[in-house]
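Engineer: Below are the structure tokens for one structure; questions will follow.
The values are calculated or read from the model by the stated rules, or taken from the named source; none is laboratory data. All values reported here derive from a predicted model rather than from experimental measurement. Virtual Cβ from ideal backbone geometry, glycine too; neighbours counted across all protein chains shown. Quick note on the areas: whole protein, heavy atoms, side chains included, nothing else; ligands and nucleic acids left out. Shrake-Rupley method; radii C 1.70, N 1.55, O 1.52, S 1.80 Å.
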Amino acid sequence: MSDLTLRPPRTAGTARPRPGSRAGLLRAVLVRLGTALLVLLCTATVSFFLVRLSGDPVKVLLPPDATAAQEHALRASLGLDRPLISQYLDFLWGLLHFDFGTSITYNEPVRQVLADRLPATLELAAAALVVTLVIALPAGIVAAMRRGRASDRGIMTGVLLGQSTPPFWVGILLILVFAVGLHALPASGYGTFANLVLPAVTLSVYSVAVVARLLRSSLIDVLTSDHIRTARAKGFGPVKTVLTHGLRNASLPVVTVIGLEVGSLLGGAILTERVFSWPGVGQLTIEAISNRDFPLVQATVLFFAATFVVVNLLVDLSYSLLDPRVRTSR
Amino acid sequence: MTLTSPAAPAAAPARPAARGRRPAVPAALLRNRLAAVALAVLAVLLVAAVFAPLLAPDDPNAQDLLMRLKPPAWQHGGSAAHLLGTDQLGRDMLSRVVYGTRVSLLVGAGAALLAGVIGTVIGLAAGYFGGWPDRVLMRLADVQLAFPSILLALAIVGFFGSGLWYVILVLGITGWVSYARVVRSEVMSLRSRDFVTEARAIGVTDVAIMRRHLLPNVMAPLATIGTLHVAAAIVAEASLSYLGLGVPKETVTWGSMLADGQLYLGTSWWVAVFPGIALMLTSLAVNITGDALRDVADPKAYRR
Amino acid sequence: MTTDRQMTSDQPRTAGAPVTAGPPTTEPVLEIDGLNVDFRLDTTTVHAVRGVSLRLAQGETLAVVGESGSGKTATALSVLRLNPQPPCVYAGGRILFEGRDLLTVPDKELGRIRGSDIAMVFQDPMTSLDPLRRVGVQVAEVLRHHQGLSRAAARAAALEALDEVGVPDPERRFRQYPHELSGGLRQRVMIAGALVGRPRVLIADEPTTALDVTVQRQILDLLVSLQQRHGMAVLLITHDLGVVAETADRVAVMHQGRVVETGDVLDVFERPADDYTRRLLAATPRLELA
């Protein structure tokens with residue numbers, strides 16, 4: 001499979017994308033795009049049939065004492081009385097126009113409901129990204145440069161803890177300490193900077209651990225390579241050597257794994273939003289599933305899949321920014 | 001993910017080494033000790049899960065509304081009858097934490113086992129036959145990997161209803177990719193080796209070759225992935241239960257206890273903290289064990 | 001080529017007594033004195049360099065020759081303390097440069113010497129250049145680091161250096177990445193990066209080993225001509241006696257961490273005093289001495 005994609009296989013932690021011929025590159029790009037579309041189509045299809053196979057939504061939506069006439073009316077208004085295949089085709093046709101139908105609980109276009117919740121999620125994700133970079137980059141660099149010393153061991157212990165701790169437990173602990181104990185930050189709510197702090201930290205714990213650990217191991221690999229010795233021979237100090245000749249080289253495998261970890265991060269976002277009652281797409285997803293608001297479920301599931309796909313396309317793109325051997329393949 | 005690092009030992013032949021043995025070095029020692037502690041924790045958890053009815057002082061679902069939200073025994077207002085206090089319905093926290101071990105370990109082991117079987121079969125097939133089966137299966141792996149599995153789990157469990165077996169099934173079905181990839185690459189490198197060629201030459205069937213010659217060679221990496229997957233599945237189950245979409249309400253799980261406990265954080269910290277500690281300890285112990293396994297199975301990868 | 005060297009060689013050749021290697025008439029620019037280098041591995045300690053003493057005079061080329069594992073590369077890397085620590089330990093001896101012991105000068109001071117007073121060219125130009133940065137930048141960064149030159153000034157100097165080492169179309173090559181260059185060109189870029197700081201000592205660790213045979217000759221020619229033009233002292237590490245014959249004034253033969261014989265190239269080649277040297281010479285096919 002690695003011959004078909006730009007990405008190195010998962011097991012090869014430090015492998016870099018091979019430069020291919022120009023035709024090979026084009027082919028790889030097309031395969032990536034094709035896979036992306038396939039993923040979206042599969043997601044849409046699975047979510048479509050899943051919500052319909054799981055029982056009659058009408059039965060769930062109406063109170064138990066509803067009459068047959070009421071049932072029939074609701075079924076017709078939801079379009080559920082038509083053959084499954086025509087519902088499916090309509091659904092796909094709608095997707096092409098970014099039309100996801102109407103939310104049952106909100107009685108609004110799903111697109112609108114989603115758009116209302118999107119800013120909160122983006123805000124949270126951006127903040128968590130900043131926290132991740134600010135903590136994980138220095139931590140990974142220090143651990144790699146001071147390998148085996150106390151600082152390395154301390155950082156790696158933190159990494160192990162961070163990777164093993166589910167985000168909702170992190171969130172609850174933070175609330176206990178900073179909201180209940182110290183009264184320093186709000187336990188929930190949305191709008192101010194103070195509201196953002198705990199959710200952002202909660203969401204970033206796992207990614208900090210992943211990025212720091214990977215950066216460390218990949219930097220350790222890079223630091224033993226010949227061109228690092230060249231930089232040292234030029235008179236560069238250890239820090240300057242790492243920053244100019246190590247970090248970028250070490251970031252390739254890190255970027256790869258970030259792409260693969262997006263799924264976990266999205267799951268973390270859903271949980272984090274739940275812990276802090278954050279009014280984002282994650283909370284909306286849980287709500288929609290609990291309420292059996294199936295157009296909304298389909299749309300939110302698709303939204304997360306699309307996020308995954310887009311991030312991974314960006315990851316592939318970033319190879320060519322980071323690695324000239326991909327860019328100028330000859 | 002290592003707690004220690006390989007470079008440390010080099011300069012420190014501190015203690016006299018036994019003849020013919022590697023000098024005992026602090027880092028390696030710590031690593032082994034850590035793994036030993038983790039294994040001990042796992043053993044305790046396993047005992048707790050199996051003998052929960054004997055160990056738990058109370059029925060985990062027995063409510064006592066007169067004893068609501070009692071603090072742990074060592075705090076003011078606590079009693080020896082409820083060592084870890086009681087929850088909002090007066091249920092004994094200690095009993096609930098002990099019973100919670102059952103679901104966690106069952107889901108963790110079950111999901112890892114199911115995913116391991118699926119992944120191994122797919123990986124064997126893809127690696128052994130190559131060609132178009134390989135291409136199709138690996139493309140499937142790409143798609144599966146791209147699909148946010150927690151979301152799939154959420155949707156399935158949310159719509160089909162809660163249930164222990166649903167959770168195991170979903171986490172098992174969505175977790176096969178890493179097993180398949182490892183098995184495939186191992187098998188591909190073994191396929192052309194002499195002992196396989198010879199076996200084929202004397203007419204041994206494909207299935208027999210896979211079972212007798214290929215499978216034993218991939219057991220070590222499989223055990224590593226499996227262990228790490230157990231931790232992932234335990235956390236995933238707890239996440240679903242926390243969201244109220246996992247197993248039914250009357251089943252005791254750490255995730256749902258955490259969700260309950262969060263509501264009483266302001267007054268009764270223990271309702272959330274004890275299941276949280278249990279969950280973190282379990283996941284930590286399994287992860288450490290998995291890391292140690294990887295170090296043993298693949299010394300080259302020990303610093304990844 | 002060899003005649004070329006001899007014509008401009010200003011080194012008086014001391015005849016006879018090759019083992020003791022009579023001191024050059026000029027003050028040595030670099031003096032290695034009783035160097036011991038250990039590699040402390042998990043189970044054992046390898047004594048890679050055992051009491052090596054070498055003197056490198058102003059403007060001369062001293063070749064250190066030996067098989068792999070003889071300690072010649074460890075010796076060369078010791079000059080700039082570039083052996084990986086751990087596992088390497090500098091267990092004894094001194095390396096004197098301008099009155100300072102390079103084994104004990106503080107890191108900061110060593111940093112000022114590296115790349116500026118003493119520069120290195122490594123064996124494998126494929127891996128010794130940073131694959132992700134333009135080759136011109138990797139040459140220019142030496143000047144920016146040591147002399148604080150502006151980007152433009154460093155670029156101009158780097159272009160000049162690339163031109164000097166025979167990189168055709170330096171403007172274009174400056175912007176290219178290592179993978180776009182042939183092995184010979186990459187080694188030229190490495191040499192430009194070493195040369196651009198105008199070092200007094202150039203240490204070349206098997207500079208031609210990784211290259212095609214035809215390219216090897218060109219790179220050796222380049223090193224010799226640069227040495228003569230800039231009057232650098234060159235410490236050339238090699239396993240190839242042919243290379244020694246073509247480039248060096250003096251040679252030190254290393255075997256199992258020790259220097260077994262030192263002397264003028266001609267003397268050593270014609271009248272090897274050490275048994276190992278003799279076997280080494282006998283194993284080298286058709287040596288063409290000038």
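Engineer: I need the full set of residues from segment C:74-108 which are more than 17 Å from C:Phe39 (Cα to Cα) and out of contact with any Asp or Glu (no Cβ under 6 Å at 6 or more places or on another chain), in order please. Show your work before the answer.
Structural biologist: Taking segment C:74-108 as the starting set, the residues that turn out to be more than 17 Å from C:Phe39 (Cα to Cα) are C:94-102, C:104-108.
Once the filter is applied, which keeps residues that are more than 17 Å from C:Phe39 (Cα to Cα) and out of contact with any Asp or Glu (no Cβ under 6 Å at 6 or more places or on another chain), segment C:74-108 yields C:Ile95, C:Phe97, C:Glu98, C:Gly99, C:Arg100, C:Asp101, C:Leu102, C:Thr104, C:Val105, C:Pro106, C:Asp107, C:Lys108.
Engineer: Considering segment C:77-111 alone, what residues qualify as being β-branched (Val, Ile, Thr), open to solvent by less than 70 Å² (accessible area, probe 1.4 Å) and away from chain B (no Cβ under 14 Å)? Walk me through it before giving the result.
Structural biologist: Looking only at segment C:77-111, we keep the residues that are β-branched (Val, Ile, Thr), and these are C:79, C:89, C:95, C:104-105.
Now restrict to residues that are open to solvent by less than 70 Å² (accessible area, probe 1.4 Å): C:79, C:89, C:95, C:105.
Selection gives C:Val79, C:Ile95, C:Val105.
Engineer: A further question follows. Going by the conditions given, is B:Glu186 within 14 Å of chain A (Cβ to nearest Cβ), out of contact with any strand residue (DSSP E or B) (no Cβ under 8 Å at 6 or more places or on another chain) and open to solvent by 50 Å² or more (accessible area, probe 1.4 Å)? Walk me through it before giving the result.
Structural biologist: Values: within 14 Å of chain A (Cβ to nearest Cβ): yes; out of contact with any strand residue (DSSP E or B) (no Cβ under 8 Å at 6 or more places or on another chain): yes; open to solvent by 50 Å² or more (accessible area, probe 1.4 Å): yes.
For B:Glu186, the condition - within 14 Å of chain A (Cβ to nearest Cβ), out of contact with any strand residue (DSSP E or B) (no Cβ under 8 Å at 6 or more places or on another chain) and open to solvent by 50 Å² or more (accessible area, probe 1.4 Å) - is met.
Engineer: Right, next: Scan A:Ala200, A:Ala233 and give me the residue that is within 7 Å of another protein chain (Cβ to nearest Cβ) and either open to solvent by less than 20 Å² (accessible area, probe 1.4 Å) or of a type outside the set (A, V, I, L, M, F, W, C) (or both).
Structural biologist: On the way: A:Ala200 fails: within 7 Å of another protein chain (Cβ to nearest Cβ).
Of the residues listed, the single one that is within 7 Å of another protein chain (Cβ to nearest Cβ) and either open to solvent by less than 20 Å² (accessible area, probe 1.4 Å) or of a type outside the set (A, V, I, L, M, F, W, C) (or both) is A:Ala233.
Engineer: Right, next: Need pairs with beta-carbon distance below 9 Å; first residue more than 7 Å from every other protein chain (Cβ to nearest Cβ) and within segment A:153-168, second outside any helix (DSSP H, G or I) and open to solvent by 30 Å² or more (accessible area, probe 1.4 Å); sequence gap 6+ or separate chains.
Structural biologist: A:Ile155/A:Arg146
Engineer: How about segment C:117-137: which of its residues are of a type outside the set (A, V, I, L, M), open to solvent by less than 30 Å² (accessible area, probe 1.4 Å) and in contact (Cβ under 8 Å) with a residue 60 or more places away in the chain? Step through it out loud before you land on a result.
Structural biologist: Step one: list which residues in segment C:117-137 are of a type outside the set (A, V, I, L, M), which gives C:117, C:122-125, C:127-128, C:130-131, C:133-134, C:136.
Next, only the ones that are open to solvent by less than 30 Å² (accessible area, probe 1.4 Å) stay: C:122, C:125, C:128, C:130-131, C:136.
Those that are of a type outside the set (A, V, I, L, M), open to solvent by less than 30 Å² (accessible area, probe 1.4 Å) and in contact (Cβ under 8 Å) with a residue 60 or more places away in the chain: C:Phe122, C:Pro125, C:Ser128.
Engineer: Continuing with this model, one more query. Just checking, does segment B:122-141 include any residue being more than 14 Å from chain A (Cβ to nearest Cβ) and aliphatic (A, V, I, L, M)?
Structural biologist: Step one: list which residues in segment B:122-141 are more than 14 Å from chain A (Cβ to nearest Cβ), which gives B:124-125, B:128-129.
If we keep only those that are aliphatic (A, V, I, L, M) too, we end up with B:124-125.
Taking every residue of segment B:122-141 in turn, at least one turns out to be more than 14 Å from chain A (Cβ to nearest Cβ) and aliphatic (A, V, I, L, M).
Engineer: Select from segment B:261-278 the residues that are modelled with pLDDT under 90, more than 9 Å from chain A (Cβ to nearest Cβ) and not in a loop (DSSP other than H, G, I, E, B) and list them in ascending order.
Structural biologist: B:Leu263, B:Trp270, B:Val271
Engineer: Right, something else. Out of the residues in segment B:192-214 that are aliphatic (A, V, I, L, M) and in a loop (DSSP other than H, G, I, E, B), which is least open to solvent (accessible area, probe 1.4 Å)? Show your work before the answer.
Structural biologist: Within segment B:192-214, the subset aliphatic (A, V, I, L, M) is B:196, B:199, B:201-202, B:204, B:207-210, B:214.
Pick out the ones that are also in a loop (DSSP other than H, G, I, E, B) and you get B:202, B:204.
On the way: B:Ile202: 138, B:Val204: 35 Å².
The extreme case among them is B:Val204.
Engineer: Among the numbered criteria (1) surrounded by fewer than 20 Cβ atoms within 10 Å (Cβ to Cβ); (2) in contact (Cβ under 8 Å) with a residue 24 or more places away in the chain, which one does B:Gly131 miss?
Structural biologist: (2)
Engineer: Please tell me if A:Leu271 is modelled with pLDDT of 85 or more, buried (at least 23 other Cβ atoms within 10 Å of the Cβ) and either more than 10 Å from every other protein chain (Cβ to nearest Cβ) or in contact with a strand residue (DSSP E or B) (Cβ under 9 Å, 6 or more places away or on another chain) (or both). Give the steps one after another, and end with the answer.
Structural biologist: Details: modelled with pLDDT of 85 or more: yes; buried (at least 23 other Cβ atoms within 10 Å of the Cβ): yes; either more than 10 Å from every other protein chain (Cβ to nearest Cβ) or in contact with a strand residue (DSSP E or B) (Cβ under 9 Å, 6 or more places away or on another chain) (or both): no.
When the stated conditions are applied, A:Leu271 does not pass them.
Engineer: Now for a separate question. How many residues does segment A:289-304 hold that are touching a residue at least 40 places away in the same chain (Cβ under 8 Å), facing chain B (nearest Cβ under 9 Å) and either assigned to a loop (DSSP other than H, G, I, E, B) or closer than 16 Å to A:Lys59 by Cα (or both)?
Structural biologist: Matching residues across segment A:289-304 total 2.
Engineer: With respect to the numbered conditions (1) more than 12 Å from chain B (Cβ to nearest Cβ); (2) open to solvent by 20 Å² or more (accessible area, probe 1.4 Å); (3) without any contact (Cβ under 8 Å) to a residue 12 or more places away in the chain, which one is the sole condition not fulfilled by A:Pro238?
Structural biologist: For A:Pro238, the failing item is (3).
Engineer: Restricting segment B:248-260 to residues that are surrounded by 24 or more Cβ atoms within 10 Å (Cβ to Cβ) and touching a residue at least 40 places away in the same chain (Cβ under 8 Å), which is farthest from the other protein chains (Cβ to nearest Cβ)? So that I can check it myself, show each step before the final result.
Structural biologist: Of the residues in segment B:248-260, the ones surrounded by 24 or more Cβ atoms within 10 Å (Cβ to Cβ) are B:252-258.
Filter once more, keeping what is touching a residue at least 40 places away in the same chain (Cβ under 8 Å): B:252-254, B:257.
Numbers: B:Val252: 17, B:Thr253: 13, B:Trp254: 9, B:Met257: 11 Å.
The selected residue is B:Val252.
Engineer: Do we have A:Leu160 as open to solvent by 70 Å² or more (accessible area, probe 1.4 Å), within 28 Å of B:His229 (Cα to Cα), of a type outside the set (Asp, Glu) and assigned to a helix (DSSP H, G or I) here? Reasoning before the result, please.
Structural biologist: On the way: open to solvent by 70 Å² or more (accessible area, probe 1.4 Å): no; within 28 Å of B:His229 (Cα to Cα): yes; of a type outside the set (Asp, Glu): yes; assigned to a helix (DSSP H, G or I): yes.
In short, no.
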